[in-house]
Structures are given as structure tokens and as C-alpha cells.
Amino acid sequence: MMVAAMPLWAQDYHQDRTVKIWDNSSAPHSNGITEKEYERSKGIITSITEATLYIYEADKEKATGQAIVICPGGGYINACMDYEGYMMAEWLNTQGITCGVLKYRMPNGHKEVPLEDAVEALRTMRKMSKELNIDPAKVGIMGFSAGGHLAAYTSNFAPEGEKPAFSILFYPVITGEWGLCHKGSFDNLLGADASETLRAEYSLENRITKSTPPALLLLSDHDTVVPTISSIRYYNALKKHGIEAAMHIYPEGYHGWGIREDFPYIKQWQAAMVDWLAGLNKK
């Protein structure tokens with residue numbers, strides 16, 4: 001007997017709830033991708049045309065009231081759903097934090113598409129705040145690599161009143177400046193023929209205002225994929241505008257470590273994040 005394959009939007013990542021946000025036919029804008037999405041390799045999803053939020057609820061006894069929308073990385077062409085997604089959410093649950101892992105639609109040159117998905121994911125978490133036992137004023141965003149760009153993008157481009165409460169950025173793509181950027185991510189977001197003016201507009205160190213939320217940046221000095229100067233520029237711009245920020249640059253480590261156990265400073269970044277979130281929660 002043949003068993004029908006589970007649709008990817010309903011993929012089992014051990015989540016407590018699955019919320020389908022929208023697809024290309026119901027979202028404000030389409031990414032123009034017609035290929036059916038598929039799992040390129042274990043945990044790596046590509047050709048995403050349906051935005052889905054996989055929710056992981058913290059135990060009520062541990063719940064801090066904080067929640068995080070997690071944006072996995074993947075160069076704005078894939079989503080790394082495991083070590084930059086559900087595995088991170090499961091660990092954060094042990095710290096009392098409820099999470100929604102966002103499988104966002106890939107831009108395919110339609111720069112507004114991932115932003116729409118991230119903003120709607122924040123709205124969804126806030127609308128569900130009572131049933132999720134979270135404070136709607138304490139919903140932040142986290143992102144890795146290109147997902148870090150999306151988290152910072154949302155922190156600066158989301159409508160006033162709908163920005164995340166905070167952002168946590170792992171080795172984020174920030175600047176679009178030639179020679180310092182991750183070219184693939186910017187090409188996929190804006191198109192390979194994007195002008196210098198457009199690239200500067202989406203270089204997020206240029207978009208910080210006094211309403212940008214606090215940020216924690218975590219990265220490695222040995223990153224050969226996304227230069228550390230990208231995060232340093234963002235941190236400096238945050239401080240210039242009086243925004244609360246912290247940055248931890250670890251002396252070793254590759255790009256894309258996420259919550260992998262082989263990263264030598266996993267305990268250090270976990271402790272730093274827990275302390276930083278606890279400090280925010282007291283304010």
C-alpha cells in the first residue's frame with residue numbers, strides 16, 4: 001500500500017503546533033517560484049513557497065514570558081531547519097522560552113517576501129500570546145547568516161509598533177558592500193543586477209534608528225563566509241544610535257555552527273544568551 005507523502009509545510013520537526021501563515025497565492029506578494037519545494041538534504045529545504053511557523057512551547061512552570069521567532073539561515077535560497085531551527089527551539093524551551101521556527105519563503109529577487117513572512121510570524125505569535133503563555137510585548141526574533149539578515153531586516157523595516165522586542169543575530173549577513181558582503185545572499189534577495197544604491201539600502205548598518213530593538217550578536221573571528229566586519233558595523237551603528245547591544249566574537253569556529261555540539265564555545269554562547277535575555281526580561 002502506498003502512503004501519501006506529508007506536505008512539507010506540515011513537516012514533523014517535533015513541534016507542538018504548526019501554523020500555516022500563507023503561500024504565494026494568499027500572501028501580499030509572490031516570490032515567483034513555481035518549482036515544488038523539496039528537502040535538498042536532511043533538514044535543508046529549498047524552493048519554499050509556503051510560509052509556515054513551527055511552534056515549540058516552554059513548560060508553564062519554566063516560562064519566562066519571552067518568545068522568539070527563529071529564522072534559519074541558508075543564503076536566502078535554502079532554510080536549514082535543524083541546527084539553526086528546531087534544535088535551537090528545543091534548547092530554548094529548556095530555558096523557559098517559547099519559540100516559533102519560521103520556514104519563510106525564499107525571495108528569488110523579491111525582497112519584500114521574506115520580510116512579509118517574518119512580520120506576519122511576529123503577529124501570529126502575539127495573537128496567540130494567551131494560549132502560548134507569553135507576553136506579547138516580549139516577542140523577539142533570532143536569525144542565522146541570511147536568516148540573521150532577515151532578523152535585522154525585520155528589526156529595522158517592520159512597521160512601527162510591530163518590530164520585534166529584541167534580536168539575536170548569529171554570524172549575520174548585514175552589509176551589501178562589495179568585498180565585504182555575502183554575495184549569494186544579496187543576489188538572491190535583490191537580484192544579481194541590483195544597483196549599488198539598492199545594496200546600500202539593504203545594508204542594515206545604514207538603516208538603524210532609535211526605534212531599532214536591542215540586539216545580541218554571536219559570531220566567530222575565523223568565519224570565512226560572512227566577514228566579521230559585517231557584525232561589527234551593525235554593532236557600532238547600534239551604539240551610535242544609543243541602542244542596547246552586546247557582541248561576542250569567538251576566536252575559533254566555522255560559519256554556520258548554530259547549536260552544533262562541535263562548536264568549541266557552545267557553552268559560552270549559551271550562557272551569554274541566557275544572561276542577556278534574563279537582563280532584558282527584568283526591564
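Where the second residue is basic (K, R) and part of a loop (DSSP other than H, G, I, E, B) and the first is modelled with pLDDT under 95 and lies in region 56-82, which pairs have Cβ atoms under 8 Å and are six or more apart or on separate chains?
Close Cβ pairs satisfying both conditions: D82/K42.
Looking at S231, S211 in this structure, which one is surrounded by 21 or more Cβ atoms within 10 Å (Cβ to Cβ), small (G, A, S) and in contact (Cβ under 8 Å) with a residue 24 or more places away in the chain?
After ruling out the rest, the residue left standing is S231.
Within region 89-138, work out how many residues are part of a helix (DSSP H, G or I) and either in contact with a Leu (Cβ under 7 Å, 6 or more places away or on another chain) or within 20 Å of E160 (Cβ to Cβ) (or both). Full working, then the answer.
Step one: list which residues in region 89-138 are part of a helix (DSSP H, G or I), which gives 89-94, 112-127, 129-132, 136-138.
Subset that is either in contact with a Leu (Cβ under 7 Å, 6 or more places away or on another chain) or within 20 Å of E160 (Cβ to Cβ) (or both): 112, 114-127, 129, 136-138.
Selection size over region 89-138: 19.
I'd like to check something: does region 219-226 contain any residue that is under 30 Å from T124 (Cα atoms), in contact with a Lys or Arg (Cβ under 7 Å, 6 or more places away or on another chain) and modelled with pLDDT of 95 or more?
No, region 219-226 contains no residue that is under 30 Å from T124 (Cα atoms), in contact with a Lys or Arg (Cβ under 7 Å, 6 or more places away or on another chain) and modelled with pLDDT of 95 or more.
Quick one: is G258 under 20 Å from the mean Cα position of the chain (by Cα), assigned to a loop (DSSP other than H, G, I, E, B) and not aromatic (F, W, Y)?
Yes, satisfied.
Looking at E112, is it touching a Pro at 6+ places or on another chain (Cβ under 9 Å) and surrounded by fewer than 18 Cβ atoms within 10 Å (Cβ to Cβ)?
Answer is yes for this residue.
Any chance you could count how many residues in region 158-170 are touching a strand residue (DSSP E or B) at 6+ places or on another chain (Cβ under 8 Å) and either surrounded by fewer than 19 Cβ atoms within 10 Å (Cβ to Cβ) or outside any strand (DSSP E or B) (or both)?
Going through region 158-170 one residue at a time, the tally reaches 3.
Would you check which residues across region 217-244 are in a loop (DSSP other than H, G, I, E, B) and either touching a Phe, Trp or Tyr at 6+ places or on another chain (Cβ under 9 Å) or among the basic types (K, R) (or both) and list them? Can you show your working first?
Let us first name the residues in region 217-244 that are in a loop (DSSP other than H, G, I, E, B), namely 221-227, 241-244.
The answer is D221, H222, D223, T224, V225, V226, E244.
Identify all residues within region 139-157 that are in a helix (DSSP H, G or I) and under 10 Å from the mean Cα position of the chain (by Cα); write none if there are none.
Correct list: A146, G147, G148, H149, L150, A151, A152, Y153, T154.
Where the second residue is buried (at least 24 other Cβ atoms within 10 Å of the Cβ) and aromatic (F, W, Y) and the first is in contact (Cβ under 8 Å) with a residue 40 or more places away in the chain and in a loop (DSSP other than H, G, I, E, B) and lies in region 171-191, which pairs have Cβ atoms under 7 Å and are six or more apart or on separate chains?
Y171/F144; I174/Y234
Considering only residues that are surrounded by 14 or more Cβ atoms within 10 Å (Cβ to Cβ) and at pLDDT 95 or above, look in region 26-37 and name the one that is farthest from H110 (Cα to Cα).
A27
Take the residues of region 11-25 that are of a type outside the set (D, E) and without any contact (Cβ under 8 Å) to a residue 40 or more places away in the chain: which is surrounded by the fewest Cβ atoms within 10 Å (Cβ to Cβ)?
Across region 11-25, the extreme among qualifying residues is S25.
Here's the yes/no breakdown for (1) touching a helix residue (DSSP H, G or I) at 6+ places or on another chain (Cβ under 8 Å); (2) crowded, with 19+ Cβ neighbours inside 10 Å:
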| residue | (1), (2) |
| --- | --- |
| A194 | yes, no |
| Y202 | yes, yes |
| D221 | yes, no |
| I249 | yes, no |
| R260 | yes, no |
| Q268 | no, no |
| V274 | no, no |
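The values are calculated or read from the model by the stated rules, or taken from the named source; none is laboratory data. No experiment lies behind these values; they were computed from the predicted model shown. Every residue, glycine as well, gets a Cβ built from its backbone with ideal geometry; the counts of neighbours run over all protein chains shown.
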